[in-house]
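**Student:** The structure follows.
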Amino acid sequence: MGKQATPPSTDSLSVTDNRTGRSYTIPITDNTIPATAFKAIKALKKPGEREENETERGLRVSDKGFLNTAVITSEITYIDGEAG
């Protein structure tokens, strides 16, 4: 028989790409997900689609105005929360 699927961690986000039907598990650490995890979510380019979309290279995350972008850990800088 085939290998039994391991259930996703409770500290993860399950994503299904409706374009392909594929499912992905993205880890949640410190209440954040890595934007780079979406690079694994790829689909074939649609006829007439803009080359700039780079659909076959994976999803990109858009955060216009940086309203939901967080720096959680840094080895080179220190950010003092509310004090800036």
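Each row is one residue, and each column tells you yes or no for (1) at pLDDT below 90; (2) more than 30 Å from THR73 (Cα to Cα).
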residue	(1), (2)
THR6	yes, no
THR10	yes, no
LEU13	no, no
GLY21	no, yes
PRO27	no, no
ALA35	yes, no
ALA40	no, no
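**Student:** If I ask for residues that are part of a helix (DSSP H, G or I) and either open to solvent by 40 Å² or more (accessible area, probe 1.4 Å) or in contact with a helix residue (DSSP H, G or I) (Cβ under 7 Å, 6 or more places away or on another chain) (or both), which ones from the range 39-56 would you list?
**Tutor:** The initial filter retains those residues of the range 39-56 that are part of a helix (DSSP H, G or I), namely 39-40, 51-53, 55-56.
Result: LYS39, ALA40, GLU51, GLU52, ASN53, GLU56.
**Student:** Condition check: in a loop (DSSP other than H, G, I, E, B), of a type in the set (D, E, K, R), out of contact with any Ser or Thr (no Cβ under 9 Å at 6 or more places or on another chain) and without any contact (Cβ under 8 Å) to a residue 60 or more places away in the chain. Does GLU75 satisfy that?
**Tutor:** Criteria met by GLU75.
The values are calculated or read from the model by the stated rules, or taken from the named source; none is laboratory data. Quick caveat: nothing in here was measured; it's all calculated off a predicted structure. Every residue, glycine among them, receives a Cβ derived from its backbone with ideal geometry; neighbour counts consider all protein chains shown. All accessible areas refer to the heavy atoms of the entire protein, side chains included, with ligands and DNA or RNA removed. Shrake-Rupley method; radii C 1.70, N 1.55, O 1.52, S 1.80 Å.
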